[in-house]
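Here is the structure we will look at, set down as structure tokens.
The values are calculated or read from the model by the stated rules, or taken from the named source; none is laboratory data. Here the structure is a predicted model, which means the values were calculated and not measured. With ideal geometry, Cβ positions are generated from the backbone for all residues, glycine too; neighbour counts draw on all protein chains shown. For the accessible areas, the whole protein counts, side chains as well, though only heavy atoms, and no ligand, DNA or RNA atoms are used. Shrake-Rupley method; radii C 1.70, N 1.55, O 1.52, S 1.80 Å.
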Amino acid sequence: MANEHTVLQFSSSLSSSLSAKVHPLVIFNISDCYVRRPDQAERVIGTLLGSILPDGTVDIRNSYAVPHSEFSDQVALDIDYHHNMLLSHQKVNPKEVIVGWYSTGLGVTGGSALIHEFYSREVPNPVHLTVDTGFSNGEGTIKAYVFVNLSLGDRQLAAQFQEIPLDLRMIEAERVGFDILKTTAVDKIPTDLEGMEATMERLLALIDDVYKYVDNVVEGQIAPDNNIGRFISDTLASVPKLPPAAFDKLVNDSLQDHLLLLYLSSITRTQLGLAEKLNTAAQIL
């Protein structure tokens with residue numbers, strides 16, 4: 001008669017097939033809430049909004065912070081505030097639903113299980129997103145987790161957080177801001193012109209890489225790749241054929257328009273500041 005053994009196993013079918021995609025707006029919102037947090041708060045907790053894509057990916061598109069208080073191993077959330085904020089967001093975009101929650105800090109903590117239990121009552125299988133705003137590893141680490149059950153035979157013993165794949169995609173303008181956000185210390189936020197300069201420097205570096213690749217192929221140092229060749233050809237074909245003089249005029253006109261907008265916005269800020277001071281003085285008198 002064969003011996004029967006009870007196997008200790010994880011219910012990992014969900015975590016193995018689940019992935020998440022987060023938009024840069026969510027990271028910016030979380031970082032802003034962390035900067036504006038109360039002085040006594042060590043971290044920020046909030047709700048993640050989004051949808052489930054047809055392939056099962058959790059698409060995280062928005063978020064809002066939820067006031068909370070932590071005492072040793074106890075966590076208290078402002079549930080009424082959470083529900084009111086959810087109703088306000090769904091009035092603007094009814095397609096966005098709760099997909100999970102977030103917290104600042106590196107990885108999960110002891111109180112995370114209690115908060116996750118609350119969100120599990122709000123939505124099945126919520127995603128837990130962590131954003132390391134303290135730059136513990138020299139950069140803002142972003143991770144996503146789900147809850148996985150630990151069972152002994154048919155008996156559930158405990159559960160643990162298990163990391164899932166996370167995709168962070170952004171356009172070039174968002175990339176510039178995110179690179180600054182990941183930097184541990186900056187003297188000042190770059191202006192639009194400085195951001196454009198950084199983008200052009202990155203573009204020149206990419207063009208140099210293409211030049212080196214083409215030279216190596218022509219000299220026979222590396223094997224040619226037809227897919228890369230078609231991509232380079234399509235990229236060059238998409239560039240408008242303009243004479244140098246017309247291109248310089250186009251760039252200069254756009255630059256002048258941009259400088260004019262900066263000048264007008266500066267005048268507007270100055271006028272608003274003067275109006276505020278005049279109103280304050282009038283109230284005092």
Identify all residues within segment 202-235 that are β-branched (Val, Ile, Thr), open to solvent by less than 80 Å² (accessible area, probe 1.4 Å), in a helix (DSSP H, G or I) and over 24 Å from Arg175 (Cβ atoms); write none if there are none. Val214, Val217
Go through segment 236-263 and report how many residues are of a type in the set (A, V, I, L, M, F, W, C) and open to solvent by less than 90 Å² (accessible area, probe 1.4 Å). 9
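One line per residue, one yes/no per condition, for (1) closer than 20 Å to Asn29 by Cβ; (2) at pLDDT below 90:
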position: His83; (1), (2): yes, no
position: Leu87; (1), (2): yes, no
position: Ile98; (1), (2): yes, no
position: Ala159; (1), (2): no, yes
position: Glu174; (1), (2): yes, yes
Regarding Thr104, is this residue within 16 Å of Val22 (Cβ to Cβ) and in contact with a Lys or Arg (Cβ under 8 Å, 6 or more places away or on another chain)? yes
Tell me which strands (runs of 3 or more DSSP E) are completely within segment 66-132 and hold 2 or more residues being surrounded by 17 or more Cβ atoms within 10 Å (Cβ to Cβ) and out of contact with any Gly (no Cβ under 7 Å at 6 or more places or on another chain), or say none if there are none. 97-104
Determine, yes or no, whether Val58 is more than 24 Å from Ile164 (Cβ to Cβ), modelled with pLDDT of 75 or more and within 18 Å of the chain's Cα centre (by Cα). no
May I ask you to list the residues in segment 37-46 that are more than 15 Å from Ala144 (Cβ to Cβ) and surrounded by 10 or more Cβ atoms within 10 Å (Cβ to Cβ)? Arg37, Ala41, Glu42, Arg43, Val44, Ile45
Name the single residue, out of those in segment 17-36 being open to solvent by 30 Å² or more (accessible area, probe 1.4 Å) and out of contact with any Leu (no Cβ under 9 Å at 6 or more places or on another chain), that is modelled with the lowest pLDDT. Ser17
